[in-house]
1. Hey, does region 225-244 have a residue that's touching a Pro at 6+ places or on another chain (Cβ under 7 Å), in the same structural domain as Phe171 (by TED's automatic domain parsing) and within 16 Å of the ligand (Cβ to nearest atom)?
2. Kindly provide the set of residues from region 79-119 that are more than 19 Å from Val60 (Cβ to Cβ), among the charged types (D, E, K, R) and surrounded by 15 or more Cβ atoms within 10 Å (Cβ to Cβ), ordered by number.
3. What residue, among those in region 109-153 that are of a type in the set (D, E, K, R) and touching a residue at least 60 places away in the same chain (Cβ under 8 Å), is nearest to Leu51 (Cα to Cα)?
4. Residue check: is Gly28 modelled with pLDDT under 90, touching a helix residue (DSSP H, G or I) at 6+ places or on another chain (Cβ under 8 Å) and exposed (fewer than 14 other Cβ atoms within 10 Å of the Cβ)?
5. Counting only residues that are free of Cβ contacts under 8 Å to residues at least 24 places away in the same chain and more than 26 Å from Ser393 (Cα to Cα), how many does region 65-96 have?
6. Considering only region 345-363, how many residues are more than 16 Å from the ligand (Cβ to nearest atom) and among the small types (Gly, Ala, Ser)?
7. Looking at Cys341 and the list (1) in a loop (DSSP other than H, G, I, E, B); (2) closer than 29 Å to Val310 by Cβ, which single condition is not satisfied?
8. Condition first: hydrophobic (A, V, I, L, M, F, W, C), within 13 Å of the chain's Cα centre (by Cα) and either modelled with pLDDT under 95 or part of a loop (DSSP other than H, G, I, E, B) (or both). Now tell me which residues in region 345-376 satisfy that.
Amino acid sequence: MNRRDWLRNSALAGGAAGLPALFATGLGAAAPASATGKLSPLKITNVRAILTAPADVRLVVVKVETNEPGLYGLGCATFTQRPRVVETAVEKYLKPFLIGKDPLQIEDLWQSSFLSSYWRNGPVLGNALSGVDMACWDILGKRAGMPVYQLFGGKCRKAVDTYRHATGETFEDVEKAARGFMARGLRHVRVQVAIPGLAAYPTKFLKPEDAKANDRTYLWEARKYVRTVPKLFEHLRKQLGDDVELLHDMHERVPPNLAIQLAKDLEPYNLFFFEDPFSPENVGYFGKLREQTSTPIAMGELFSNPNEYVPLISQRLIDFIRIHVSQIGGLTPARKVAALCEFFGVRTAWHGPSDLSPVGHAANLHLDLSIPNFGIQEARDFTQAELDVFPGSPELKDGYYWANDKPGLGIDLDEKLAAKFPINDDPPFDFHWGNLRGRDGTIMKP
Ligand SMILES: [Mg+2]
């Protein structure tokens with residue numbers, strides 16, 4: 001008898017001689033009593049990765065279908081730089097592992113799926129698992145007739161305060177963009193300015209002549225950037241006053257000692273937070289930063305392994321955790337991160353860029369509503385095409401994200417419409433990552 005046959009026979013035997021019935025549903029044995037009592041047992045019948053790009057950003061959404069007609073869940077699995085490998089992880093590996101199992105056993109599904117590859121963590125497997133995990137929470141909410149935030153303990157606030165990105169080629173451009181957001185009711189604005197001749201983050205306002213189009217290389221000089229940023233904040237505080245909260249993302253782009261200097265130089269401007277002063281490879285510098293400045297620190301969008309973020313939280317070395325929820329595996333682990341942060345006085349600021357599907361934004365929103373130590377949420381406007389493909393997307397009004405009160409995550413996916421926005425594999429979205437270099441050709445962190 002091979003191992004697979006032994007497992008099957010043991011499961012069918014049940015009880016003390018075989019696998020407990022809880023774990024046997026995928027092997028053909030009788031399903032356990034449903035967690036919802038009188039309702040009939042649920043089984044996963046299909047798991048699909050759906051790729052779409054309604055805003056020209058490659059999104060991956062996972063749909064988990066069940067044996068109850070019309071009952072399915074959606075989850076975000078977007079790793080926009082590598083969507084095809086996430087698709088493979090979902091379709092070829094998680095799907096056969098999950099079919100037949102109870103989608104309401106969310107914690108066990110997460111733990112067993114996490115271990116099912118033996119090698120674990122990382123953005124590919126994390127996002128694939130997140131797609132399933134969020135979808136199962138969505139299914140649980142739909143079955144219970146409650147929004148996911150209610151399953152998490154209910155609302156701690158009426159809506160979720162957000163920040164937006166004000167960028168520009170000059171200080172005046174940034175000021176104008178910030179005023180535009182303030183006029184829309186935003187109380188928090190992230191400010192970034194171009195550096196002439198350099199590919200300052202974000203690169204969308206980089207002039208074509210500044211990029212060497214032939215070899216797609218972008219130029220970067222850390223010292224010039226570090227000299228410019230305090231002058232930007234000096235201008236903005238003079239023009240905008242003290243009431244608006246200002247944020248800045250350094251995007252791990254300068255040597256650690258220069259990052260410490262910049263955090264100190266920005267102290268007079270009273271930032272809401274200063275993001276990603278170090279790369280994940282340099283987290284050992286956080287202790288030295290903390291000793292030298294009171295500027296609030298946010299970190300974590302690139303983290304995927306708990307060993308990267310648990311020490312920063314437990315040693316109180318950061319003020320805001322910036323984890324990309326789908327990267328670490330979805331709502332199940334993110335809730336634990338939030339609880340850990342609560343005990344150490346760290347607040348949340350989940351990553352919320354355009355390369356996160358509206359389903360991922362909805363998941364962030366339900367988490368934000370239900371945790372006491374919520375800090376701020378990075379937000380964006382959805383395009384009309386996204387709103388059409390994803391009915392029920394979070395509503396941005398008066399600077400807040402508002403949840404609808406529909407069961408589950410409150411968001412749906414129009415698959416027929418999504419198919420009209422196929423993802424573009426060529427040219428790749430991420431062409432500028434890995435092409436940022438110094439004048440001598442040295443590669444730089446993105
Ligand atoms: Mg960032």
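The values are calculated or read from the model by the stated rules, or taken from the named source; none is laboratory data. Quantities reported herein were computed from a predicted structural model and do not represent experimental measurements. With ideal geometry, Cβ positions are generated from the backbone for all residues, glycine too; neighbour counts draw on all protein chains shown.
1. So far as region 225-244 goes, no, none of its residues is touching a Pro at 6+ places or on another chain (Cβ under 7 Å), in the same structural domain as Phe171 (by TED's automatic domain parsing) and within 16 Å of the ligand (Cβ to nearest atom).
2. Lys101, Asp102 - these are the residues of region 79-119 that are more than 19 Å from Val60 (Cβ to Cβ), among the charged types (D, E, K, R) and surrounded by 15 or more Cβ atoms within 10 Å (Cβ to Cβ).
3. Asp133
4. Criteria met by Gly28.
5. Of the residues in region 65-96, 3 are free of Cβ contacts under 8 Å to residues at least 24 places away in the same chain and more than 26 Å from Ser393 (Cα to Cα).
6. 4
7. For Cys341, the exception is condition (1).
8. If the condition is that a residue be hydrophobic (A, V, I, L, M, F, W, C), within 13 Å of the chain's Cα centre (by Cα) and either modelled with pLDDT under 95 or part of a loop (DSSP other than H, G, I, E, B) (or both), then Ala349, Trp350, Leu356 are the ones that fit.
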